[in-house]
Amino acid sequence: MLSLGQLSQMVKEHLGLYTSDDGILHFSKWVIAESSVAGRGLFATEDILPGEVLFVDHPLISGPRAASIEIEPHGCTVCCKIDAENTFKCPKCGLLLCSEQCQSDNVHFNDCNVISRWVFKIPVEDFDYRTVPRALTAIRALLLNDDQKQLLSALQAHVLPQHGTEIRDLQEYFEIPESEVEFMRLACCVLDANAYQIATAYGKKEMSRRGLYPVSALMNHNCVPNTKYSYNSEAQMTVKASKHIQAGTEIFTCYSGFLWGTPSRQAQLYKTKHFLCKCDRCADPTERGTMLAALKCFSTECPGNLLPIQPLNTTSAWQCLECGLRVPRKNIGAVQSAVGSLLGSVNFGSVDSLEKFLTTRITKYIPKTNQVVVDLQCCLIWEFGEAEGLRWHELSEGRLALKESLCRGTLRTAAALGAGDAHLRGRLLYHLHAALAERARRCPDQYEELKPEIESTIEQAYSILQGDISAPPDLDLRHLGFKINTVSKSARTADGSSQNIIGMMNIPVTCDDNTHTVSFMVYFDHNSVTLTLGGHRQRTPSRPIDHRLNKLHQRSAQDRTVPRALTAIRALLLNDDQNNYFPPFKPMCYLNTEQKSGTCKNTLKYQKGRLALKESLCRGTLRTAAALGAGDAHLRGRLLYHLHAALAERARRCPDQHNVKNLMFIPYAQNDFDGYTAKIKQVIDPWGFNVTGLHSYPDPEQAVYSAKAIFIGGGNTFLLLKRLYENNLVNLIKTRVDEGNLLYIGSSAGTNVATKSIHTTNDMPIIFPPTFEAISIVPFNINPHYIDKVESETHKGETRDQRIEEYIEMPHAAPVLGLREGSILHVNGNQLAIKGIAGAVLFKKGDKKTELAVGEDVSFLCRYEQDENST
Ligand SMILES: C[S@@+](CC[C@H](N)C(=O)[O-])C[C@H]1O[C@@H](n2cnc3c(N)ncnc32)[C@H](O)[C@@H]1O
């Protein structure tokens with residue numbers, strides 16, 4: 001047996017081999033000492049603050065967890081991928097592998113070398129594919145050097161017949177030297193007493209592993225620990241204080257389920273670690289008032305709860321806190337078994353049945369505070385907003401509210417137990433934040449009210465979970481304040497690879513004193529977030545340097561977990577010339593469009609116009625050729641070929657452009673959404689369309705994504721634009737219209753917002769939109785309901801012409817098309833025509849007002865380029 005001094009020295013050397021990310025060797029604020037709880041333990045030598053790193057440990061050995069192999073036997077023993085179709089047995093040693101690459105990996109080379117030295121009793125083909133992987137972690141102990149073997153042997157081992165059975169099974173297949181059998185058996189006993197399950201990356205399904213972390217192994221257990229631990233992608237384990245640890249006190253971890261009731265924890269600890277915990281929580285029948293173990297009183301008249309009289313005695317009778325009824329332990333056991341059987345009937349794969357079971361069945365038999373209820377509640381929390389079919393945008397109002405209240409309830413329970421900044425608390429705070437953010441997205445009016453909690457929950461969640469491989473991949477971005485609109489989490493990219501897409505995100509980025517709003521697609525794959533440029537840049541009025549971008553830059557200097565997005569974001573700081581070299585856009589696959597490769601600038605600015613321009617140039621040149629009498633000349637053939645290709649491309653982009661049946665009405669310009677929609681419906685439905693109001697959809701963005709045609713009605717333009725921005729619809733509508741995927745109809749205010757800006761509306765500015773910049777389907781302004789000056793008019797106010805002229809004099813002014821009542825501007829790609837019955841007028845800087853007749857082609861307006869510097 002090593003002395004404490006020798007053990008401390010070995011531990012120091014072990015830690016010294018692996019410095020943490022910050023380069024600090026965390027060994028200064030604690031020592032290894034005799035513990036009154038059990039054997040040796042770690043003790044604080046100084047006060048340690050919550051969140052302080054105690055040490056960063058590295059596994060002596062790691063490998064598959066025997067229990068998980070029983071459940072999921074098809075894991076690769078090198079990369080841990082579970083791939084039943086491709087896994088195969090190594091012909092030399094019988095270990096499972098998933099690829100040639102894994103077979104030639106060093107890890108496998110070493111494993112195989114040890115095993116293939118043994119004499120085989122039966123051929124590899126006859127091996128049960130579980131047997132060798134189950135023993136693999138212990139087999140790897142044979143590869144340790146002498147010092148490491150000594151350290152392993154110095155750790156606590158429960159040498160009992162139930163530990164090490166995997167080595168006995170291994171001996172059925174191989175003749176193994178006795179010394180190796182002995183050491184592997186010891187390794188199994190040490191592993192069972194000390195190993196930690198290694199967390200996997202968020203959302204990644206892989207074979208579960210355990211690791212023997214020698215320093216962590218010296219921490220004793222307490223049901224309310226004062227530390228938390230997390231893993232990075234190299235399986236390094238960082239142990240931090242989850243609460244203030246006073247100098248001289250013992251440093252504890254928790255070996256059991258934190259939200260389990262005392263009888264369950266006791267049973268598990270006894271069975272696996274061979275001790276009965278006597279901590280304060282275990283000694284308190286109510287477990288700090290959380291009543292996690294409580295059962296309903298057996299007396300049907302009584303609403304009270306039963307709890308163990310002496311929780312530290314596993315045979316203690318239970319008693320009702322209300323009526324005092326005493327129940328023998330064996331009767332309690334019978335109820336607990338019945339609850340267990342009831343749980344066996346639940347289909348855990350179905351959230352619907354889980355929710356139904358939780359809300360209608362289980363609470364008939366056990367109190368709402370019972371650990372079984374709390375556990376099921378956690379299952380729902382993790383699923384709502386995250387699982388397939390239950391993504392944020394698909395979540396019903398009821399479920400969103402339920403998620404929020406379950407998060408709050410479970411946070412209360414964790415706080416009552418004294419969890420401190422435990423991983424569980426971080427996870428719950430993240431989920432509460434996400435639920436609140438979703439609520440704010442759905443009800444923008446509530447944003448101001450929700451904002452403080454949205455920010456504080458993510459702040460706390462971030463400080464607890466940062467650097468943790470199992471943390472949600474968008475934690476960083478949410479913490480930086482980016483609003484992420486969930487669209488879909490799984491989609492296929494154009495190159496065929498499967499990606500998880502969180503959604504679209506608009507980031508204001510400052511460049512040359514102008515703030516650009518840039519749309520990104522947000523992807524994540526297990527432990528990183530990727531932002532991909534997509535959508536359109538929009539210039540918005542100048543704002544101060546974007547502090548979030550700076551924050552991201554600063555963080556990159558010290559934090560390796562900065563999302564891979566950083567490089568993409570930095571690219572936004574390039575000037576226009578550099579921008580031309582920016583790599584081609586990736587297709588925005590979830591919108592089902594394929595954007596052609598091109599420079600950033602081209603794709604952004606001219607994508608829409610060029611297809612339409614090509615079409616109209618082909619037609620124009622064909623007309624010229626025909627007028628010249630070209631006949632079937634080569635030139636005509638070439639032009640026809642190009643016209644055909646342009647038409648085919650248009651048809652590909654909008655396969656059913658002319659097959660609109662449903663019209664999405666956006667009533668945001670008025671306040672009576674239902675009444676306004678009903679009015680429009682009454683007129684349009686009889687024409688063979690089905691009109692639905694956007695307000696009737698739970699997720700407006702999602703609804704507009706799916707719409708083929710929208711109609712934005714009139715009312716107050718300021719109010720309308722504000723609501724469009726609040727619902728993130730401005731960029732979305734522009735993108736979809738430009739791609740040819742969405743038909744746009746606007747009347748009055750709906751016409752104003754389709755233009756470059758709303759400067760030329762006739763409405764009163766009753767509310768502030770974030771900017772006057774509008775959807776910009778056309779690059780000029782419109783004045784709807786244009787009225788000519790009536791010479792006999794005695795009214796002394798400004799005429800419409802005077803008002804428009806005032807705008808035209810401004811440096812930022814674009815041309816203004818005045819549409820008289822009964823006029824329509826028909827936009828088809830780059831072809832613009834005045835239609836209807838009343839004609840229009842055009843105001844341009846430096847020009848006199850021009851009359852435009854019905855039928856007139858005004859496509860030239862589309863080519864109007866505003867001086868970029870004048871905004
Ligand atoms: C990982 S070791 C902890 C370090 C151990 N005390 C040592 O000296 O190496 C786990 C073992 O320590 C003992 N232990 C840990 N926490 C305990 C507790 N709260 N009460 C009783 N025994 C405990 C149990 O025997 C358990 O199996």
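Read-outs throughout are calculated quantities, based only on the coordinates presented, and are distinct from any laboratory measurement. This structure is a prediction, so every number in the text was calculated from the model and none was measured. Here Cβ is always computed from backbone atoms with ideal geometry, including for glycine, and neighbour counts include all displayed protein chains.
In table form, for the structure just shown:
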| quantity | calculated |
| --- | --- |
| Cβ-placed point charges (K, R +1; D, E -1), dipole of the range 662-870 about Cα centre in debye, nearest 20 | 260 |
| Sequence-distant aspartates and glutamates (8 or more away, or on other chains) whose Cα lies within less than 19 Å of Lys205 | Glu70, Glu72, Asp83, Glu85, Glu234, Glu383, Glu386, Glu388, Asp468, Asp474, Asp525 |
| Karplus 3J(HN,Hα) series, Hz, for the range 800-805 with 6.51 cos²θ - 1.76 cosθ + 1.60 (x for Gly, Pro) | 4, 4, 4, 5, 5, 4 |
| Label-point separation, Ile767 to Tyr447 (7 Å along Cα→Cβ), nm | 1.2 |
| Mean Cα-pair separation over length for the range 280-479, i.e. relative contact order, pairs under 8 Å, 6 or more apart, % | 14 |
| Ascending count of other beta-carbon atoms within 10 Å, so fewest first, for Tyr786, Tyr641, Tyr725 | Tyr641, Tyr725, Tyr786 |
| Set of aspartates and glutamates near Lys661 by C-alpha distance (under 14 Å), chain-local residues within fewer than 8 positions excluded | Asp685 |
| Among Cys189, Leu160, Gly203 - extreme Cα towards positive end, dipole of the range 99-231, charges at beta-carbon | Gly203 |
| Residue order, fewest to most surrounding Cβ atoms within 10 angstrom, among Tyr213, Tyr255 | Tyr255, Tyr213 |
| Restricting the range 240-312 to GluC sites (Glu not before Pro) in coil, as DSSP defines it, with at most 11 other Cβ within 10 Å | Glu301 |
| Environment charge of Gln670, counting only residues whose C-beta is closer than 15 Å and scoring Lys/Arg +1, Asp/Glu -1 | +1 |
| Compactness relative to 2.2 N^0.38 Å, alpha carbon Rg of the range 280-479 | 1.16 |
| Greater than 28 Å apart at Cα, pairs in Lys789/Lys845; Lys204/Lys296; Lys273/Lys364; Lys278/Lys368; Lys228/Lys356 | Lys204/Lys296; Lys273/Lys364; Lys228/Lys356 |
| HN-Hα J in Hz across the range 171-181 - Karplus 6.51, -1.76, 1.60, θ = phi - 60°, x for Gly and Pro | 5, 5, 9, 9, 8, 10, x, 4, 4, 6, 4 |
| For the range 718-871, alpha-carbon Rg relative to the globular expectation (2.2 N^0.38 Å, N residues) | 1.02 |
| In Hz, Karplus ³J(HN,Hα) per residue of the range 849-854 (6.51, -1.76, 1.60; θ = phi - 60°; x = Gly, Pro) | 4, 10, 7, 10, 7, 4 |
| Ratio of Rg to Rh over the range 63-211 (Cα coordinates, Kirkwood Rh, two decimals) | 0.94 |
| Least to most buried among Arg265, Arg636 (fewest other Cβ within 10 Å first) | Arg636, Arg265 |
